[in-house]
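J.: Got a structure here, written out as structure tokens. Questions coming.
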Amino acid sequence: MLEVNNLSAFYGSIEALRAIDLWARAGKITTIIGANGAGKTTLLRAISGLIPTRYGVIRYVGQDITNLEPYKIVKMGISHVPEGRQVFATMSVEENLELGAYLRTSRRRSREIRGDLDFVYDVFPVLGERKTQSAGTLSGGEQQMLAIGRALMSKPRLLLLDEPSMGLAPLVIKGIFTCLKRLHEEGLTILLVEQDAQIALSVSDYGYVMRAGKVRLEGEARELLQSEEIKRIYLGEEQPPEGGSDGV
Ligand SMILES: Nc1ncnc2c1ncn2[C@@H]1O[C@H](COP(=O)(O)OP(=O)(O)O)[C@@H](O)[C@H]1O
Ligand SMILES: [Mg+2]
């Protein structure tokens with residue numbers, strides 16, 4: 001569904017992505033894992049057209065989308081849940097969701113959007129319970145659900161997710177990944193970026209490991225979970241992982 005070939009991107013003279021090759025297959029969950037600063041966010045932003053790329057090609061369902069304007073990429077069916085959620089704190093939950101549908105202008109629009117809101121509330125019931133509340137009053141986990149819900153409102157076929165687990169407690173993370181699995185079962189293709197290799201690989205079909213702007217390793221997620229190198233470097237078996245979650 002999404003194919004990235006030989007992609008490079010720069011911040012000034014710094015090469016943040018170096019000749020990336022990657023493939024996200026239709027109907028699958030593909031993950032990109034790697035430490036902080038590896039280039040994961042940069043890659044998702046390049047796919048979404050949010051930063052320019054210098055070399056290489058990005059193809060989506062056979063069409064070249066390299067350096068297209070972001071709204072065109074959204075219209076084609078790619079939706080991006082950004083790192084750090086970026087919900088509009090002073091707006092209500094429902095207003096945040098409606099913003100996600102801003103590109104749709106058909107005459108049946110409001111009925112369609114109503115149906116899509118109902119779908120989001122079905123996947124994330126807590127958002128329905130809090131639809132009139134301002135987004136800033138939600139917990140971190142609820143804000144992550146809202147960010148995903150907002151992305152769903154553009155009716156994507158491919159969802160790009162940037163570190164949905166960031167800063168959340170293990171139980172909250174589990175809840176969010178359960179919802180992602182449901183979306184996947186309903187046919188959504190997912191490209192998931194994560195620092196939490198364990199949880200990312202455990203829900204994914206295929207994985208890529210990035211370091212310093214390059215893909216260092218790739219394979220079936222099941223196999224990467226068993227790989228000695230991954231265990232050593234990314235699953236924290238040399239040192240116990242830090243209890244780095246600061247609440248919900
Ligand atoms: N706006 C920016 N300007 C300059 N350098 C940046 C910018 N954003 C990220 N970088 C650098 O690019 C590299 C990759 O960053 P990023 O894609 O955010 O990594 P990750 O998401 O894997 O943590 C890092 O070295 C980071 O410091
Ligand atoms: Mg990042």
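Coordinate-derived values only; no laboratory data. This is a predicted model, so every value here is computed, not measured. Here Cβ is always computed from backbone atoms with ideal geometry, including for glycine, and neighbour counts include all displayed protein chains.
J.: Arrange the peptides 211-222, 32-43, 183-194 so that the one whose residues have, on average, the most other Cβ atoms within 10 Å appears first.
T.: The peptides rank, most packed first, as 32-43, 183-194, 211-222.
J.: So if each residue of separation counts as 0.36 nm, and I subtract the Cα-Cα distance between Ala26 and Glu223, what length gain in nm does that give?
T.: 68.9 nm
J.: Put +1 on the Cβ of every Lys and Arg and -1 on every Asp and Glu Cβ in the range 79-222; which of Gln198, Ala169, Met91 then has its Cα farthest towards the positive end of the dipole?
T.: My answer, from the dipole projection, is Met91.
J.: Taking chymotrypsin sites (Phe, Trp or Tyr not before Pro) that fall in a DSSP loop and have at most 15 other Cβ atoms within 10 Å as cut points, what is the longest piece of the chain between them?
T.: With chymotrypsin sites (Phe, Trp or Tyr not before Pro) excluded where exposed in loops, the chain gives 103-248 as its longest stretch.
J.: Number of Lys-Lys pairs in the chain under 16 Å by Cα, sequence gap 8 or more or different chains? Write out the running numbers ahead of the final one.
T.: Numbers: Lys28/Lys181; Lys40/Lys214; Lys72/Lys155; Lys75/Lys155.
Within the chain, the lysine pair count is 4.
J.: While we're looking at this one, here's another question. Over all directions, what mean area does the Cα convex hull of the chain project, stated in square nanometres?
T.: 13.3 nm²
J.: Provide the FRET efficiency to the nearest 0.05 for the Glu95-Thr178 pair, computing r from the beta carbons and using R0 = 22 Å.
T.: Calculated value: 0.25.
J.: I'd like the Karplus ³J(HN,Hα) series for the range 86-103: coefficients 6.51, -1.76, 1.60, θ = phi - 60°, whole numbers in Hz, and an x wherever there's a Gly or Pro.
T.: Working through the residues one at a time gives 6, 7, 8, 4, 8, 8, 6, 4, 5, 5, 4, 5, 4, 4, x, 9, 4, 7 Hz.
J.: Can you show me the helix-derived [θ] at 222 nm for the chain, built from DSSP H runs with n ≥ 4 at -39,500 (n - 2.57) apiece and divided by the number of residues, rounded to the nearest 500. Don't jump to the answer; show the numbers that get you there.
T.: Details: 10 runs with 89 residues, N = 248.
Calculated at 222 nm, the ellipticity per residue is -10000 deg cm²/dmol.
J.: Turning to a different aspect of this structure: What does the charge dipole of the chain about its Cα centre add up to, to the nearest 20 debye, if the Cβ of each Lys and Arg holds +1 and the Cβ of each Asp and Glu holds -1?
T.: Taking the Cα centre of the chain as origin, the dipole is about 920 debye.
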